[in-house]
Amino acid sequence: MASDSTLSSPPRRCAACGQETLGSRCTNAWCNRADRGWSVVYSTGTYEGELRRAIVGYKYRGQRDRARSLSALLAGYLDEHATWFEEYDALTPMPAYLGPGARRSWDPVGRLVAELAERVGDSWAVRPALVEKVGETAPMRGQTQWQRARYAECGLRPVLRAGACEVGGARILVVDDVFTEGSTLREVARVLRRAGAEEVAGLVLARPALGIAGGRRSAGWAHGERRRGPA
Ligand SMILES: [Zn+2]
């Protein structure tokens, strides 16, 4: 009977990132550390299949009208799980840099959040830039989790600034497209919490498929990047 109950038991999931854990600990190192800066990351799905195709098409293949369906996905998730989000005060996008020397000419996440703002109306305080990125940083793809964590502290941290908005005491959801392991979110959370935020959590379209978060493989897939032409 024990084996029956084992077979029928639901998969164990990490309380921080939602990934199936396989064992007792999440493979994503940040989830096991108290100094990660963010509380939890909510995800509408895993980075595979149609969701992956939609995100890659949107970000890298010029399918910008996918912002409509992807923002609908986020809005539906917020609505479906409304009780999870009652305590949060504001939504804001993961900051992007578009100034001189920027690698991108547009901000996919910013656009997604702008569409989301129209969908959720007055039910959410959507803030465009609670944290600003004032300089470009190198892509993190192709690096190990350790390298990405170091790079976030040494490369990203110096170019993040608290925005003008007041965040004192607020619980904030930072929206991103794909969760890698949380090194970038940790830096954004650090800025927000230094500015007085009570809690910083993530809301993403997709998290890694089973057992990948935080692993070496996540470096390459994380942003769906390949050799790409103009964004
Ligand atoms: Zn985790």
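The values are calculated or read from the model by the stated rules, or taken from the named source; none is laboratory data. As the structure is a computational prediction, the values presented were derived from the model and not from experiment. Cβ coordinates were reconstructed from backbone atoms using ideal geometry, including for glycine residues, and neighbour counts include every protein chain displayed.
Here Gln63 meets the list (1) away from the ligand (no atom under 16 Å from the Cβ); (2) touching a residue at least 60 places away in the same chain (Cβ under 8 Å); (3) surrounded by 13 or more Cβ atoms within 10 Å (Cβ to Cβ); (4) not in a helix (DSSP H, G or I) almost entirely, failing just condition (2).
Counting residues that are at negative phi and of a type in the set (Ser, Thr, Tyr), which strands (runs of 3 or more DSSP E) fully inside the range 153-211 reach at least 2?
In the range 153-211, there are no strands (runs of 3 or more DSSP E) which contain 2 or more residues that are at negative phi and of a type in the set (Ser, Thr, Tyr).
Restricting attention to the range 101-112 and to residues that are buried (at least 18 other Cβ atoms within 10 Å of the Cβ) and touching a residue at least 60 places away in the same chain (Cβ under 8 Å), the residue that is farthest from Gly168 (Cα to Cα) turns out to be Pro108.
Scanning the range 79-88 for residues that are touching a Lys or Arg at 6+ places or on another chain (Cβ under 9 Å) and modelled with pLDDT of 95 or more returns a single hit, Tyr88. With respect to (1) of a type in the set (Ser, Thr, Tyr); (2) surrounded by 13 or more Cβ atoms within 10 Å (Cβ to Cβ); (3) in a helix (DSSP H, G or I), the lone exception for Thr83 is condition (2).
For the range 32-51, filtering for residues that are of a type in the set (S, T, N, Q), under 22 Å from Ala149 (Cβ atoms) and buried (at least 18 other Cβ atoms within 10 Å of the Cβ) leaves 1.
So that you can scan it fast, the table gives a plain yes or no per residue for (1) outside any helix (DSSP H, G or I); (2) in contact (Cβ under 8 Å) with a residue 12 or more places away in the chain; (3) at positive phi:
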site: Ala72; (1), (2), (3): no, yes, no
site: Leu91; (1), (2), (3): yes, yes, no
site: Ala114; (1), (2), (3): no, yes, no
site: Ala129; (1), (2), (3): yes, yes, no
site: Trp146; (1), (2), (3): no, no, no
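Considering each residue of the range 24-34, count those that are in contact (Cβ under 8 Å) with a residue 60 or more places away in the chain and away from the ligand (no atom under 13 Å from the Cβ), and give that number.
Within the range 24-34, the first condition is being in contact (Cβ under 8 Å) with a residue 60 or more places away in the chain, and the residues that meet it are 26-31.
Next cut, away from the ligand (no atom under 13 Å from the Cβ) only: none.
Here the count works out to 0.
Let's see how each residue does on (1) at pLDDT 90 or above; (2) not small (Gly, Ala, Ser):
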site	(1), (2)
Gly99	yes, no
Glu118	yes, yes
Val126	yes, yes
Ala129	no, no
Gly135	yes, no
Ala138	no, no
Gln147	no, yes
Arg157	yes, yes
Gly168	yes, no
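Considering only the range 167-180, state which residues are over 9 Å from the mean Cα position of the chain (by Cα) and more than 19 Å from Ala117 (Cα to Cα). Let's see the steps before the verdict.
The initial filter retains those residues of the range 167-180 that are over 9 Å from the mean Cα position of the chain (by Cα), namely 167-173.
Hits for the range 167-180 are Gly168, Gly169.
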